[in-house]
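Take a look at the structure below.
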Amino acid sequence: MAEKAQNTAHAGNDVGAILKDCVFASLIALAIFAPIIGLKTESAPGGLILNQRWGAVFIATAIIFFGRLALHILFWSRAGETKKKASAASRLGTKLEPLIPFIGVAMFTAAVILPWLPSTDRYILDLGTLILTYMMLGWGLNIVVGLAGLLDLGYVAFYAVGAYSYALISTSVFPMILPHWMMAWAFWLALPMAGMLAACWGLILGFPVLRLRGDYLAIVTLAFGEIIRVVLTNWISLTNGPNGIPGIPRPSFFGIEFTRGDNGFAHTFGLQYASIQRIIFLYYVILALALFTNFFTMRLRRLPIGRAWEALREDEIACRSLGINTTNTKLTAFAMGAMFGGFAGAFFATRQGFISPESFVFMESALVLAIVVLGGLGSNIGVAISSVVMIGGFELFRNLDFLKQVFGPDFDPSQYRMLIFGMAMVLIMVWRPRGLMTRRNPTIFLKEKKAVSGDLVAQGRG
Amino acid sequence: MEYFLQQLINGVTLGSIYGLIAIGYTMVYGIIGMINFAHGDVFMIGSFVSLIVIVALGITASTSFIVLILALILVLVIAMVFAGIYNWTVERVAYRPLRGSFRLAPLISAIGMSITLEEYTRIAQDARPKPLQPIVNGGFEVAKRVNEAGTFVVSLSYIQIIIVVTTLILMTIFTLLITRTSLGRAQRACEQDTRMAALLGIDVDRTISLTFVMGAAMAAVAGLMFLLYYGVIDFYIGFLAGVKAFTAAVLGGIGSLPGAMLGGLVIGLIEVFWSAYFSVEYKDVAAFSMLALVLIFLPQGLLGKPEIEKV
């Protein structure tokens, strides 16, 4: 019924039809909001009681009504032009194409000089480190999802493996086998191990699920992610269970620790001791790791294996017919993605100094996946932009205190960030399923290089 | 032996709940070939609506038997209607615009929808678990063992009977709906070939919408049963229950309705017996490993048709 109303609205801009459609939408909205928002269950001495909040229902329904009205007036009234608009958007994309390397260079320069800007304080550096961690995770997952077209919903498992590998190796194994002076090198020794262990887990988990098609694979990887988390929570003798592992060694400046003493970083380089030195160092470590991931992926794309990944994403059967070993191709994609997840996990552990299974929930996988999807599957620069937008946007929610003046002191904007995040994921898929960067760089071309629109590639028919 | 019997009873009860949720997965997958990741959260919504209606009607354990049964049926109907509206909207907003898009698009959109529903409920109803005083008390004593370790009573509670009987009744109605009505025929036609069905005059969009509504109604039944059985719900119950029900649907053979019920029973039994004889902590691992094993070794499921790969 709504659709019919919508169609007539498209045809003749009929005011009555638009109003009818808006009323219908708000009736549905009323039915949706009335029980869950309107009647809040509260614990009381005698059991649950209901707290009525019809005002909120009314506001929410009104938002839906006017939102739909606005959509009708602003977008849907020009239904006939939608096609033209889309092509205009892709034309805009082609125009922006030469700018993309500049965006990359600009972002790189900004990232490098960020710690030296006068306005940069600890808060900004921490945020930058967080963004870069997710950027690295996004680039790692991009190998699996964007290039090889295998939807992995359990990426956080590898992040967890990396973090726990580093934490366990550096707190339990190294003190036993390493001489004391080498302990300062713990991070640098354990980092490759964490990456390798995560890659091994990538192989172990990847091997049995390779025969599965796209969405089955997604659910199984999700199950594996949960299995790893449940094991980490319950294997108390190894992981200390939900209490987590404290006292994870901090990284050193290649053997020189960030301490106040005579052997510390500040004293060695004749600087005044300041705790921010470690923060800046951590920032550069993750920047280097992230750039390494990016560089590595870009180079891999030009190797036969990278081409095989993309070919696999486009058409698995054709791949097999052409003699590409799909098993090995998928496994390497899984292992590579897992390895970078492991590196990022090790960095996370050393930065926090404490890890517990709570940091490795499904929501993290969803967040990284959302970053990759928003950026445009397969586009590294898109992932970089979207991780800045996404994590930066999350952080913005913490700073929306002025909304408290509008909605009253009980209003906590940061409560809503995951809700907005979920809705954004749906909206991105509905309006721009190819993400921000829809342009695809052809890895191989005849005579001249032509940009390919994202609509022309079959993303993720795994 | 008595212990085994008790676990069997518990497993069948839990399995009925999983089976009811699994129907929604299997129907949607059968008809449009996508995993409705938000289905577990529709189950959660159904559970919350049931809770709210129960509290609003003031149903307690002291309500007389006839009134109680009538009231519970009322709660059931209301929860089914609201869950249906939710899933209808989810399909309209998040899935319909993506038909014909690339394969992963609806799945990603569904994950977003799942997060949205969870967070919406968390904000609207807060994150605390909601306990409900037991409404249906008592039960039968099936068997009893007395030895030096003490007495062990195998009980079959009324609520377990209600759950299994309701599931059976609804499954029967549902099967009749699919096999005997024109709507069911349209659904089966769409399942086989959407384009051909459309050419023959079936309103495919409407059929798909109704499929979502019916799946949601079944999930809402499961939601009420879950609430009555465990007595406590929160905004996050949909995630685990959803993944397990999906496992059940896959195990039974995705697209097959009796398969979903059978798969639900198997998963429920596995979970209960694993908790009883091995370790409670790893029961989720058992269910998830089961999913991986089934998909690897028996991808077409117990009652499903093997999929033919077309080039």
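The values are calculated or read from the model by the stated rules, or taken from the named source; none is laboratory data. In this text, all values refer to a predicted model and were calculated from it rather than measured experimentally. In this analysis, Cβ positions are derived from the backbone assuming ideal geometry, glycine residues included, and neighbour counts consider all displayed protein chains.
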Original post:
For A:SER170, all conditions in the list (1) buried (at least 23 other Cβ atoms within 10 Å of the Cβ); (2) farther than 28 Å from A:TRP235 by Cβ hold save one; what is the number of the exception?
Top reply: (2)
Original post:
Can you find a residue in the range B:237-256 that is without any contact (Cβ under 8 Å) to a residue 24 or more places away in the chain, in a helix (DSSP H, G or I) and either of a type in the set (Lys, Arg) or surrounded by fewer than 21 Cβ atoms within 10 Å (Cβ to Cβ) (or both)?
Top reply: no
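If only one of A:LEU150, A:LEU178, A:LEU130, A:LEU137 is at pLDDT below 90, under 19 Å from the mean Cα position of the chain (by Cα) and of a type in the set (A, V, I, L, M, F, W, C), which one is it? Before you say what the answer is, go through the steps one by one.
On the way: A:LEU178 fails: under 19 Å from the mean Cα position of the chain (by Cα); A:LEU130 fails: at pLDDT below 90; A:LEU137 fails: at pLDDT below 90.
Among A:LEU150, A:LEU178, A:LEU130, A:LEU137, only A:LEU150 is at pLDDT below 90, under 19 Å from the mean Cα position of the chain (by Cα) and of a type in the set (A, V, I, L, M, F, W, C).
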Original post:
Looking at this structure, is A:PHE207 surrounded by fewer than 22 Cβ atoms within 10 Å (Cβ to Cβ), without any contact (Cβ under 8 Å) to a residue 60 or more places away in the chain and not charged (D, E, K, R)?
Top reply: no
Original post:
Does A:GLY146 qualify as being in contact with a Lys or Arg (Cβ under 9 Å, 6 or more places away or on another chain), within 14 Å of chain B (Cβ to nearest Cβ) and either crowded, with 24+ Cβ neighbours inside 10 Å or not hydroxyl-bearing (Ser, Thr, Tyr) (or both)?
Top reply: yes
Subject >> Every residue from the range A:96-124 that is in a helix (DSSP H, G or I) and either of a type in the set (Val, Ile, Thr) or modelled with pLDDT of 90 or more (or both) >> reply: A:ILE100, A:ILE103, A:VAL105, A:THR109, A:VAL112, A:ILE113, A:ILE124
Original post:
Which of the residues belonging to the range A:241-264 are crowded, with 18+ Cβ neighbours inside 10 Å and without any contact (Cβ under 8 Å) to a residue 12 or more places away in the chain?
Top reply: A:GLY264
Original post:
In the set A:PHE402, A:PHE360, which member is at pLDDT 90 or above and more than 14 Å from chain B (Cβ to nearest Cβ)?
Top reply: A:PHE360
**OP:** May I ask you to list pairs of residues, at least six apart or on different chains, whose Cβ atoms are under 6 Å apart, with the first in the range A:211-226 being more than 7 Å from chain B (Cβ to nearest Cβ) and the second being among the β-branched types (Val, Ile, Thr) and part of a helix (DSSP H, G or I)?
**Re:** A:LEU217/A:VAL209; A:GLY225/A:VAL156
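Quick grid of which residues meet (1) of a type in the set (Phe, Trp, Tyr); (2) more than 25 Å from A:GLU226 (Cα to Cα); (3) in a helix (DSSP H, G or I):
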position	(1), (2), (3)
A:THR129	no, yes, yes
A:MET135	no, no, yes
A:ASN142	no, no, yes
A:PHE174	yes, yes, yes
Original post:
Is it the case that the range B:94-104 has a residue that's polar (S, T, N, Q), within 14 Å of chain A (Cβ to nearest Cβ) and not in a helix (DSSP H, G or I)?
Top reply: yes
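Suppose we filter A:ILE385, A:ILE371, A:ILE381 for residues that are closer than 16 Å to A:ARG432 by Cα and surrounded by fewer than 24 Cβ atoms within 10 Å (Cβ to Cβ); which single one remains?
Details: A:ILE371 fails: surrounded by fewer than 24 Cβ atoms within 10 Å (Cβ to Cβ); A:ILE381 fails: closer than 16 Å to A:ARG432 by Cα.
Exactly one residue qualifies, and that residue is A:ILE385.
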Original post:
Just a yes or no: is a residue in the range B:10-20 away from every other protein chain (no Cβ under 12 Å), without any contact (Cβ under 8 Å) to a residue 60 or more places away in the chain, outside any loop (DSSP other than H, G, I, E, B) and more than 22 Å from A:SER43 (Cα to Cα)?
Top reply: no
Original post:
Take the residues of the range A:195-210 that are small (Gly, Ala, Ser) and more than 22 Å from B:ALA287 (Cβ to Cβ): which is nearest to the other protein chains (Cβ to nearest Cβ)?
Top reply: A:GLY202
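Test of understanding: among B:ILE45, B:ILE32, which residue is surrounded by fewer than 24 Cβ atoms within 10 Å (Cβ to Cβ) and either within 12 Å of the chain's Cα centre (by Cα) or farther than 24 Å from B:VAL153 by Cα (or both)? Give the steps one after another, and end with the answer.
Values: B:ILE45 fails: surrounded by fewer than 24 Cβ atoms within 10 Å (Cβ to Cβ).
So the residue among B:ILE45, B:ILE32 that is surrounded by fewer than 24 Cβ atoms within 10 Å (Cβ to Cβ) and either within 12 Å of the chain's Cα centre (by Cα) or farther than 24 Å from B:VAL153 by Cα (or both) is B:ILE32.
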**OP:** Within the range B:55-81, count every residue that is over 24 Å from A:ALA34 (Cβ atoms) and assigned to a helix (DSSP H, G or I).
**Re:** 5
